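What follows is a single structure, written as structure tokens, with notes after it.
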Ligand code: HEM
């Protein structure tokens, strides 16, 4: 992380016993056993003195990070004139993201300047930085930068699905998107503010949504990390992000996928901001709620089964989970990694609560993943209780590799 | 250390943008301060040993003098038209008369209650007909909303009297060096504020926000011009960045008109165009935020 090595100053002198020890300390600070921090493969101490995510690598680390207590996603438009300026923009974004994710300190400035760091986070031992995932949207491949021939084969504007009549252009799409996750809201907001100030004027933020997840301490595959705002366990049937073989199968674009070569190691991101009619939901019979989802609300077990981890056996294909993953031959091609968060943003103009799910899914094929699954969900009975408001399709840039390349280097090479 | 003992007008925006405003120690309770405009003297850097900045302060005093003279002359035309009941002439003179004020708007914070008297919005009062609501926006209301100037005359008199008070205060006004840097910053932050020009809140009845917008930019440019010798030696790249941002902003504004030909009604500026303006303002504001530190005004 040569970019950051000159910048950090005044890091606490406390020594950690490598990443795992550091992780434990961070987890204790965060107030709960923070699972990811125990895993040295995705989360490493960038030095003995501060914690950080590994920005460098084949893939962007945030994609396979476990569900976070706080999240934010934004659609951004770029405001640069040509490909050269776009390159410079990616360099600035990458420097900003690398510094953020490293957890390193920002430069000290004298009091006559605005501080380089927002100051939202106490930098005591155990500060856990946010991760950032940078993606590109369909519109970046229009005529402005001469990138049309390099567009990932399946990248396209998000079409209108069955229940999408409240989806607005103003809250959809973007030349770029950033998704940010962190253990506190402050760390996520810090991330977004630092990122935006580093590219002010060159990027127009179009829309953002931020939110939260309650995360159970003993997070493991097959067990949902938390609940969504319908009160149901969310994430039960998610693939294991720590399994490289699953991720290569389900998430990361592979050499035989007929993508442009630069896209290897990236993935498609589908973002859907989906409002829930929570007042109505809270007036709905439990039996109906459970039939709509296909699982028991309290235990998370598939209907007719006992435990959350039991494999569903469907007799009808009406429920949300049966439509989403019918478990028929061939349907394993439609798997995806879901990693979203809940949101609650005050009231709408009719005094009703604007709450719901910021759905994020990562998949190796947009067509086989999100689009196929959403087409199967189109017309589901759950639609009565939900209204998509926005979002978009993006392509998550491959990781920046081990050298000093910025994100997007392979695209703009 | 020089000190300035005037009460402070406004201050919310200042508290957010001033370097030393740790927690908004100034009270913004002075009555009817409309748009949170202006600098609080106590929070400005009071001293410099940089002769180039001292020259700039002298230059700024002269600039303020010119602007106040223009303000009084242009406001006289506006006030006469109001008193004569000539709505058309008054409407034409309204945005013109405001330009000098908008160019030196942050200075208002250095003079007691002036901003509340001449530039407040109806939001600070019991509705637009509240008799204590005075100033340009009151007259703007008579012209564009009420469509009746029969009771407007006394408010035109009052505006002229208040501007005279402003003019009279100038000779005794302390101008600490921090007024230059913070003033430039403030003019741009003021445009972008949620109740500022970008949102169309300022001239909500007339839609003449672009005149104010342009005048704010001109006021900031004048300050940078005065600071150019100091900046040339302190940080040429920063100066280049600031000048490029002004060019960009002025090019954008030019698509909506000019003072000579008039500007379009602010309603005609689309959401996308407002986003573009916001982006250019943001880029400029980031650069301006580096001025104090760069010039050693700690
Ligand atoms: C507000 C909207 C939604 C709600 C409330 C919701 C709720 C749920 C719940 C409670 C589960 C079961 C627990 C789990 O496995 O995570 C689930 C599973 C799932 N959902 Fe959704 N979901 C929503 C939107 C979507 C969308 C838009 C998609 C994709 C197009 C989707 C795809 C899936 C998939 C693939 C599963 C796993 C099914 C399985 O393998 O058993 N969901 N959802």
Do you know which of the residues in the stretch A:245-261 that are more than 20 Å from the chain's Cα centre (by Cα) and in a loop (DSSP other than H, G, I, E, B) is surrounded by the most Cβ atoms within 10 Å (Cβ to Cβ)?
A:259
Can you give me the number of residues within the stretch A:153-175 that are more than 14 Å from every other protein chain (Cβ to nearest Cβ), within 21 Å of the chain's Cα centre (by Cα) and either within 13 Å of residue A:408 (Cα to Cα) or surrounded by fewer than 19 Cβ atoms within 10 Å (Cβ to Cβ) (or both)?
3
Tell me, please, whether a residue that is outside any loop (DSSP other than H, G, I, E, B), within 27 Å of residue A:171 (Cα to Cα), away from chain B (no Cβ under 14 Å) and within 12 Å of the ligand (Cβ to nearest atom) can be found in the stretch A:280-292.
yes
Could you tell me which numbered condition residue A:116 fails, if it satisfies all but one of (1) part of a loop (DSSP other than H, G, I, E, B); (2) more than 14 Å from chain B (Cβ to nearest Cβ); (3) over 29 Å from residue A:388 (Cα atoms)?
(2)
Index of the failed condition, residue A:196 passing every other in (1) farther than 18 Å from residue A:52 by Cβ; (2) more than 12 Å from chain B (Cβ to nearest Cβ); (3) not in a strand (DSSP E or B):
(2)
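Residue under question is residue A:216, and the condition is that it be farther than 27 Å from residue A:99 by Cα and near the ligand (Cβ under 10 Å from one of its atoms); does it hold? So that I can check it myself, show each step before the final result.
Working: farther than 27 Å from residue A:99 by Cα: yes; near the ligand (Cβ under 10 Å from one of its atoms): no.
When the stated conditions are applied, residue A:216 does not pass them.
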With (1) within 12 Å of the ligand (Cβ to nearest atom); (2) crowded, with 19+ Cβ neighbours inside 10 Å; (3) over 22 Å from residue A:277 (Cβ atoms) as the list, and residue A:359 as the residue in question, which single condition is left unmet?
(3)
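For the condition farther than 30 Å from residue B:294 by Cα, part of a loop (DSSP other than H, G, I, E, B) and away from chain A (no Cβ under 14 Å), what is the one hit in B:120, B:81? Let's see the steps before the verdict.
Details: B:81 fails: part of a loop (DSSP other than H, G, I, E, B).
Matching residue, one of B:120, B:81: B:120.
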Scanning the stretch A:199-214 for residues that are surrounded by 21 or more Cβ atoms within 10 Å (Cβ to Cβ) and away from chain B (no Cβ under 12 Å) gives A:209, A:211, A:213
For residue A:242, only one of the following conditions fails: (1) under 18 Å from the mean Cα position of the chain (by Cα); (2) in a loop (DSSP other than H, G, I, E, B); (3) modelled with pLDDT of 95 or more. What is its number?
(3)
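For the stretch A:293-309, give me the residue count where each residue is under 29 Å from residue A:364 (Cβ atoms) and either within 9 Å of the ligand (Cβ to nearest atom) or in contact with a strand residue (DSSP E or B) (Cβ under 6 Å, 6 or more places away or on another chain) (or both).
So the count comes out to 6.
Looking for whichever is within 12 Å of the ligand (Cβ to nearest atom) and touching a helix residue (DSSP H, G or I) at 6+ places or on another chain (Cβ under 7 Å) here; the options are A:375, A:323. Which one fits? Walk me through how you get there before you give the answer.
Details: A:375 fails: touching a helix residue (DSSP H, G or I) at 6+ places or on another chain (Cβ under 7 Å).
Answer to the check: A:323.
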Output the residues belonging to the stretch B:49-78 that are buried (at least 20 other Cβ atoms within 10 Å of the Cβ) and within 14 Å of another protein chain (Cβ to nearest Cβ).
B:53
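Among the helices (runs of 4 or more DSSP H) confined wholly to the stretch B:200-298, which include 3 or more residues that are surrounded by 17 or more Cβ atoms within 10 Å (Cβ to Cβ) and within 11 Å of chain A (Cβ to nearest Cβ)?
Numbers: elements: B:209-234, B:236-254, B:271-288, B:291-294.
The helices (runs of 4 or more DSSP H) meeting that bar are B:236-254, B:271-288, B:291-294.
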Go over the candidates A:183, A:271, A:251 one by one and state the one that is in contact with a helix residue (DSSP H, G or I) (Cβ under 8 Å, 6 or more places away or on another chain) and within 16 Å of the ligand (Cβ to nearest atom).
A:251
Checking residue A:264 against (1) away from the ligand (no atom under 14 Å from the Cβ); (2) in contact (Cβ under 8 Å) with a residue 24 or more places away in the chain; (3) loosely packed, with under 14 Cβ neighbours inside 10 Å, which single condition isn't satisfied?
(3)
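The values are calculated or read from the model by the stated rules, or taken from the named source; none is laboratory data. The model shown is predicted, which means the values in this text are computed figures rather than measured ones. So basically every Cβ, Gly included, is an ideal-geometry build from the backbone, and we count neighbours across all protein chains shown.
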